[in-house]
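First up is the structure itself, then whatever we jot down about it.
Every read-out reported here was derived from the displayed coordinates using simple, explicitly stated rules and does not represent laboratory data. All of these numbers come straight from a predicted model, not from anything done at the bench. Ideal geometry is used to build each Cβ from the backbone, glycine not excepted, and the neighbour counts take in all protein chains shown.
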Amino acid sequence: MKDRVKKFLNNEEEKMLWEELFNAFQERGKDGIMSVIKEKAESIKKEFDDYKKKVSEKLGGGV
Amino acid sequence: MKIKTLKVKGFRGFTKEKEFDFAPVTILFGPNGTGKSSTLNAIEWCLWGRKCVGKDTGIRERIDWEIKNRNTSENPSVEIVFDNGEKSWREYISERKDDAQMGETISGLLNKYSFNDFFVGVYQHQEVIRAILTQEPKDRNEGFDRLLGLSEYRNISNIINETIKKLEELCKKTETEISEFKNNIKGKIDVWTAEIEKLGQDLKDVKDFNKEEEEKYKKEILADLKEFIEKLSLQPSDEFKKLQCDEKTERFLKVIKSEITRLRSEMPDVKKQNELFQRQSKLNRLLQEYKVVKGALKDKDERLKQFIKGNGSRNEIENRINKLNEEISKIEKEKEQKSLQGSIIEKAIEYLKKEGIDKNICPVCGKETKDLLEHLKKEWEKKYKLQLEELNKQLEYFKNERKNAEKLIKKLEEMEEDKKRINENLKEKIKSIGVELKREIKEDEDPVVILNRELEAIKENLEKLSKDVEQKQKELTSFEEKLVIIDKLREYLEKIELRERAREIEKTDEWKKMLEKERELTKLRDKIFSIISAIKKASQEVAKTKIENARERINEYFKKITNHPQIKNLKLEVEKDSRTGGNNYEIKDEDGNSVIPILSQGNLNALALSIFLALCENMPFDFIMLDDPSQSLSSNEKKNFVEVLNNITEKKQVIISTMDSELFEYLKNLYKQKKIYKFKEWNPQDGPNLEEE
């Protein structure tokens, strides 16, 4: 299944993410997939929030 | 490799150990809930362990599947012996651990094929047929997916789909945050511009709007304030002493403000002024207190005079009491005499009553008197009783008068005592005034006059001081006004800087990185969308290949089982479901028309069996297991299905479970050697009750 799905993916990034999700499913089932996506999204969002805070501080806070 | 024997213990419906011998055809027959499916599940679990348990199988019924039989403390264990002598064995140790041992050949197969492959090509589950029979296209599509071993595709795609909703929300939230952030910055720029304009108007006297000008103001105020302090002969505070012009403006302003506040209260003139205010207030209080006590004394004196005028002096009242005492004593004496005489007559009356009435000589007047007793009674009443009553009245009157006079004496004493006390108080007040003025106040002097003179002097001093203080306070106020200018200039410059920064913010690294993160989040979402789409495409591709490879067989078996008069050839096709993007299965005739509307439940059941039987032929396992295959088959379809099975038994060992007695009878006609297990009643202590044929 892993390789069959890969065939339909567009680039290496997508293939790597799929492989990560598939392995997570094999190891931890549904929770595995959920936690991989959640961790990735939360990590990006946290970095986004950090930069947003820095921008706000540059403008004296309160923006 | 076919199954020879099976031993099951403590697994699901099995409590005590049961052993089965398998023939080329093994039929498990009996009513629902007697352990037939548990027997097939035992084979499945022995080979695959926990891979066939739980939600990750993609089979709804397996989510809460319990391996362990609740009626025995023994661990579940299953042993299979194959016809080549190999043995497969599995024991359940805990929720997370099994002990298992597999023979070499079966190990090779289990490594090469997945549980899904087994599920599709070896073990036909009754749930799959139930799903195919449903009227709901969504559920039927799911049933076909399961039949074709695509549950894992569907399962993973559904799980990812669940998370994508949250991810989309997060993307939208981030997008909104950026948009709100931009609006907020724009709003702030507008507010700062308005504030800068207003501050500019307030600072019209300021020459230049820059840091140098701010510095100049700071230097000026620092020097002026130092000079002012020296002029007052005061010491500057420690903080002020250390203050430099290059100090941060906020702190600079804070220290200066605090120094001005200190000076306002600690200037010598202000201190003197405060002392005089305090003395003025104290003398005024003493004056008021003196006036109050003096007034009270006057009032008390007046009342005493009025009292004496109305009731007489103390001597006069006392004389009156003496006279009343004399009167009372006189009347009491007379009353005593009269009482004595009266008692003699009373005794005489008693005597006469006792001795008889013939002694008519009056013991009072000595005359002979007729009806002496009656006469005596009248005389006694006339001379003594009435007189005594009169005397008592007089006595009561005089006593009352004496009591009133005594009260007046007491009242007079109280009033005199009060006056004395007020007088003492007045003397105390005069003494206090003397102490405060540091001089003795003689009896002929009026404290009011003395105090007023002193108060007048204080007032003059205060008026003089007030002008000086006002002048210095004005100077301090002018310092404060300069502070306001410095503060506004600071605010002006700060807002200018902030506005410039806000205008340039989109050029900063932080801003660019923030947008990059937003794009990264969107990219993650898009990647996940691509993955879902790829899973669906792959699933479709697999479905197409499997159907294509087994197309002829499916058609052949379907025709044999149903012998449908309207369908000469049947074609199963898979397409992309336009709504879900998943697999949509269409069943068509040779002209490409959908036949679902004319298919009975039995036909659908037959189609599911045809797909299973067609797919099982390519699997390298030498046995197949069918669980309740005839759910909706008609009598003819059952008979035809058994005919098809006759072909299958040429290549595969068949293990079939059924509760259908009609099918059971047909199955007896299978050509190959058969073993029949009749499942009787199931009970918790023993598990399935079997009868072997």
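Overview of results
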{"read-out": "Estimated translational D of the protein assembly as shown in µm²/s (Stokes, Kirkwood radius over Cα pairs; 37 °C; 0.692 mPa s)", "value": "81"}
{"read-out": "Extent along principal axes [Cα atoms of the stretch B:468-601; Å; largest to smallest]", "value": "125, 30, 19"}
{"read-out": "Shape category assigned to chain B from the gyration tensor of Cα positions, a/c cut at 1.5", "value": "oblate"}
{"read-out": "Label point distance in nm, residue B:86-residue B:327, each placed 7 Å from Cα along Cα→Cβ", "value": "14.9"}
{"read-out": "Ascending count of other beta-carbon atoms within 10 Å, so fewest first, for B:153, B:677, B:671", "value": "B:671, B:677, B:153"}
{"read-out": "At 1.306 mPa s and 10 °C, Stokes D of the stretch B:433-547 from Kirkwood alpha-carbon radius, µm² per second", "value": "65"}
{"read-out": "Cα pair distances in the stretch B:184-279, grouped into 10 Å bins until the bin that holds the longest one, percent each", "value": "12, 31, 27, 18, 9, 2, 0"}
{"read-out": "Residue B:599 long-range amide H proximity, modeled H, under 5 Å", "value": "none"}
{"read-out": "Relative contact order (%) - criterion: Cα under 8 Å, at least six apart; region: chain B", "value": "26"}
{"read-out": "Length gained when the stretch residue B:594-residue B:397 is fully extended (0.36 nm per residue, less Cα-Cα span)", "value": "57.1 nm"}
{"read-out": "Neighbour-count order for B:625, B:102, fewest beta carbons within 10 angstrom listed first", "value": "B:102, B:625"}
{"read-out": "Average other protein chain Cβ within 10 Å of Cβ, residues B:520-527", "value": "5"}
{"read-out": "MRE, 222 nm, helices only [DSSP H, n ≥ 4, -39500 (n - 2.57), over the protein assembly as shown, to nearest 500]", "value": "-23000 deg cm²/dmol"}
{"read-out": "Neighbour-count order for B:22, B:612, fewest beta carbons within 10 angstrom listed first", "value": "B:22, B:612"}
{"read-out": "C-alpha long axis of helix B:601-616 to longest principal axis of chain B, angle in °", "value": "70"}
{"read-out": "Inverse mean reciprocal Cα-Cα distance (Kirkwood Rh) of the stretch A:2-58, Å", "value": "13.1"}
{"read-out": "Count, lysine Cα pairs under 15 Å in chain A, 8 or more residues apart or across chains", "value": "8"}
{"read-out": "Binned Cα-Cα distances of the stretch B:312-445, short to long, each 10 Å bin given as a whole percent", "value": "10, 22, 15, 13, 12, 9, 6, 5, 4, 3, 0"}
{"read-out": "Peptide B:152-164, shielding by other chains (average Cβ, 10 Å cutoff)", "value": "4"}
{"read-out": "Peptide A:23-29, shielding by other chains (average Cβ, 10 Å cutoff)", "value": "2"}
{"read-out": "14 Å reach of a label modelled at residue B:488, 7 Å along Cα-to-Cβ, counting backbone N of the stretch B:189-214", "value": "B:195-209"}
{"read-out": "Paramagnetic label zone (point 7 Å from Cα along Cα-to-C-beta, residue B:341; backbone N under 17 Å) in the stretch B:365-409", "value": "B:365-367, B:376-392"}
{"read-out": "Global form of the stretch B:236-387, assessed from the alpha-carbon gyration tensor, a/c cut-off 1.5", "value": "prolate"}
